[in-house]
Amino acid sequence: QVREWKNEGSKRYMCTGRPGWLTVSLRVGKYKKTHKNIMINLMDVLEVDSERQVVRVEPLVTMGQLTAHLNPMGWTIPVVPELDDLTVGGLIMGTGIESSSHIYGLFQHTCVAYELVLADGSLVRCSPTENSDLFYAVPWSCGTLGFLVAAEIQMIPAKKYVKIHYEPVRGLQKICEKFTEESKKKENNFVEGLVYSLEEAVIMTGVLTDEAEQSKINRIGNYYKPWFFKHVEKYLKSDRTGVEYIPSRHYYHRHTRSIFWELQDIIPFGNNPVFRYLFGWMVPPKISLLKLTQGEAIRKLYEQHHVVQDMLVPMKSLEKSIQTFHADLNVYPLWLCPFILPNNPGMVHPKGDETELYVDIGAYGEPKRKQFEARASMRQMEKFVRSVHGFQMLYADCYMTREEFWDMFDGSLYHKLREQMNCKDAFPEVYDKICKAARH
């Protein structure tokens, strides 16, 4: 298809032909209508190499499919981003994170090689030792350097359960101290925080294990179970710590049934016990279905009165960041997920030369701030994130100017490669693909 596009005279930019409503991002890209759509129907797990501890997959393999495939074989991947429908391609070209990222980094940091079809129609493999510039430039590039056709991801042995410890913490300073302390401990396989108000949070740490106390096993993934974030909140309300054993696959997808806490806005009675017993098997609705069936008026309303954002900030700025989120948005719960950010080349790396501990703050829901105005409030947030040398996840609405965008992200390697590989006539720049200012 790419060679055909070349032969036809390379008239317009190329993009993947997967329809916008199918993606998990709430944004529906307008570029699909004007660009040349290249169909990439690659959705298979290609090989599981237990010698090298690597799984080779195609870009449309989803997290749900991958864990279902690997777990029975005794394997998993180090970072399993939350929602079943997230694809490997999206997690590499965008980004992905999970509560094990304080050990392994972002999803891209667990990948050992990519295979791409470039603008000239050639197939290239890249890794840290082979075409390394391209290997480091691909993450966060949103499909603007080439088409991903396969990826090799590290595997680690799977265990049956996650022994999870719930601890309610009160007082913002205490929350930040406790969260930072737990995130630095490598013996925690998982660390996660749910912040329910400016002064209240539950911090969870998890350890993988094959043994479990039968009385404390909680199969949270069963359709009739309470939504996970509501289950966690009980520990805060009763002010007690707790320990449970959750089957690993249930843990990996613990926020899937309620789409984190988005479902409470879509189905307000969804966590009612009667609804869960009778209709729990029907949720969550696929995000793709919600996007396909929502009209333009609803979409605009959602855009103006609803926030879905992940901001990645250095751990040392956590307290200041939560205060800023509170002042500008006032959305709760907030999701806290720690991750280690190595100093690799590419668009996203720490300010100094050292690997640094960062935290993803996820805000999903309706802002309770009185004067919330989507564009102005988000620009304020973005400015703050740039000031602490943080990053905004690119699946979300981004209101930055081109200059501000390249102030947040390091474009040196990316632009060099676009020049070298003649991408300029083949693919739009990442900014033009994702930023609101570029699309109006």
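The values are calculated or read from the model by the stated rules, or taken from the named source; none is laboratory data. Only a predicted model underlies this, so the values are computations on that prediction, with no experimental measurement involved. Here the Cβ positions follow ideal geometry from the backbone for every residue, glycine too, while neighbour counts run over all protein chains shown. All accessible areas refer to the heavy atoms of the entire protein, side chains included, with ligands and DNA or RNA removed. Shrake-Rupley method; radii C 1.70, N 1.55, O 1.52, S 1.80 Å.
In table form, for the structure just shown:
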read-out	value
The range 134-217 shape via C-alpha gyration tensor axes, a/c threshold 1.5	oblate
Protection proxy ranking of 186-192, 249-255 - average other beta-carbon atoms within 10 Å, highest first	249-255, 186-192
Whole-percent carbon and sulfur share, accessible surface of the range 336-380, 1.4 Å	45
Alpha-carbon centroids, the range 144-217 and the range 347-375: separation in whole Å	19
Chain lengthening between residue 129 and residue 281 when straightened (0.36 nm per residue, less Cα-Cα)	50.1 nm
Accessible area per residue, Å², the range 161-293 with all protein chains present, probe 1.4 Å	47
Probe 1.4 Å, protein heavy atoms only - accessible area per residue of the range 371-433 in square angstrom	43
For the range 289-440: rounded, prolate or oblate by the Cα gyration tensor [a/c cutoff 1.5]	oblate
Of [x] 24.6, 91; [y] 21.2, 67; [z] 22.6, 79, the label for Rg and Dmax of the Cα atoms in Å derived from the coordinates	[y]
Carbon + sulfur, % of accessible area of the range 1-116 - ligands and nucleic acids excluded, 1.4 Å	51
Local net charge near residue 47, Cβ-Cβ under 12 Å (Lys/Arg +1, Asp/Glu -1)	-3
Rounded tilt (10° steps) of 228-237 against the dominant C-alpha axis of the chain	40
The range 161-293: C-alpha gyration tensor shape, a/c 1.5 cut-off, then a/b vs b/c	prolate
Most to least packed among 214-220, 109-115 [average Cβ atoms within 10 Å]	109-115, 214-220
Per residue accessible area in Å² of the range 34-80, where ligands, DNA and RNA are left out and the probe is 1.4 Å	45
Point-to-point label distance, residue 51-residue 1, nm (Cα→Cβ direction, 7 Å offset)	3.4
Residues of type lysines that residue 32 reaches as a straight line, Cα spacing below 27 Å, ignoring anything fewer than 8 places off in the same chain	6, 11, 286, 291, 300, 416, 424, 433, 436
Using a Förster distance of 35 Å, the FRET efficiency for residue 44-residue 415 (Cβ separation, nearest 0.05)	0.55
Only Lys, Arg (+1) and Asp, Glu (-1) charged, at Cβ; the chain dipole about Cα centre in debye	1240
Dipole axis of the range 77-209 (+1 Lys, Arg; -1 Asp, Glu on Cβ), positive-most option in 149, 173, 111	173
With DNA, RNA and ligands ignored, accessible area of residue 167 (1.4 Å probe; Å², nearest 10)	50
In Hz, Karplus ³J(HN,Hα) per residue of the range 241-246 (6.51, -1.76, 1.60; θ = phi - 60°; x = Gly, Pro)	7, x, 10, 9, 10, 10
